């Protein structure tokens, strides 16, 4: 998914002549903490509500002030992961999208980005979640897929979490099955460490009971 496909409808940019008071009003209406400023179609920068609170007078034009976030934007051809990375690094509530000539095309808000991200992870699809923990040297998506598919299940999405200064990985799998017992048994047989399991009912006590029963069975 590219940035130009993620643009949120209804977010209006500020003009340099708009006042801080107008900017704060729009931020409240759009439920954001940042707004882009444009001159005709050219993107000038991003203003935050903290910038505006530093004004001596809220009725001053936003164009009279230096912007603290002038480089916070993405090009229309950049990937969704680039968008997420820049928003996280700068703690943005929205991010402007520009073309190759730095003309403003629109903005992507954090809620709309999360919606697209949830869809890309199949978060709304029914199924179970399995979290594996392993060393980075042992990680093989091909083998993990083979184990899952050997139990007539499919991986809907997968993402990896790493900790700083660690060689350990957490591999989170979203599967198309709610009952994960047979998949778990196979992973354990291949010496994988299962850190956690969840299903769409979020009944963790029931899952824990089934997992403990499986472990007791395997220890017989």
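The values are calculated or read from the model by the stated rules, or taken from the named source; none is laboratory data. Everything quoted here is computed from the prediction, not taken from an experiment. Counting neighbours? That spans all protein chains shown, and the Cβs are built from the backbone with ideal geometry, glycine included.
Going through segment 52-65 one residue at a time, which ones are at pLDDT 90 or above and touching a strand residue (DSSP E or B) at 6+ places or on another chain (Cβ under 8 Å)?
58, 59, 60, 61, 62, listed by residue number.
Can you confirm whether segment 109-116 contains a residue that is under 19 Å from the mean Cα position of the chain (by Cα), touching a residue at least 24 places away in the same chain (Cβ under 8 Å), within 16 Å of residue 37 (Cα to Cα) and assigned to a strand (DSSP E or B)?
yes
From the list 44, 35, pick out the single residue that is assigned by TED's automatic domain parsing to the domain that holds residue 106, buried (at least 19 other Cβ atoms within 10 Å of the Cβ) and either at pLDDT 95 or above or within 13 Å of residue 109 (Cβ to Cβ) (or both).
Testing whether each residue is assigned by TED's automatic domain parsing to the domain that holds residue 106, buried (at least 19 other Cβ atoms within 10 Å of the Cβ) and either at pLDDT 95 or above or within 13 Å of residue 109 (Cβ to Cβ) (or both) leaves just 35.
Kindly provide the set of residues from segment 69-93 that are within 12 Å of residue 36 (Cα to Cα) and part of a loop (DSSP other than H, G, I, E, B), ordered by number.
Correct list: 70, 71, 72, 73, 92, 93.
Scanning for something surrounded by 15 or more Cβ atoms within 10 Å (Cβ to Cβ), out of contact with any helix residue (DSSP H, G or I) (no Cβ under 7 Å at 6 or more places or on another chain) and in contact (Cβ under 8 Å) with a residue 12 or more places away in the chain, does segment 145-152 turn up at least one residue?
No, every residue in segment 145-152 fails to be surrounded by 15 or more Cβ atoms within 10 Å (Cβ to Cβ), out of contact with any helix residue (DSSP H, G or I) (no Cβ under 7 Å at 6 or more places or on another chain) and in contact (Cβ under 8 Å) with a residue 12 or more places away in the chain.
Only residues that are touching a residue at least 24 places away in the same chain (Cβ under 8 Å), surrounded by 12 or more Cβ atoms within 10 Å (Cβ to Cβ) and at negative phi: list them for segment 127-142, please.
128, 129, 130, 131, 132, 133, 134, 139
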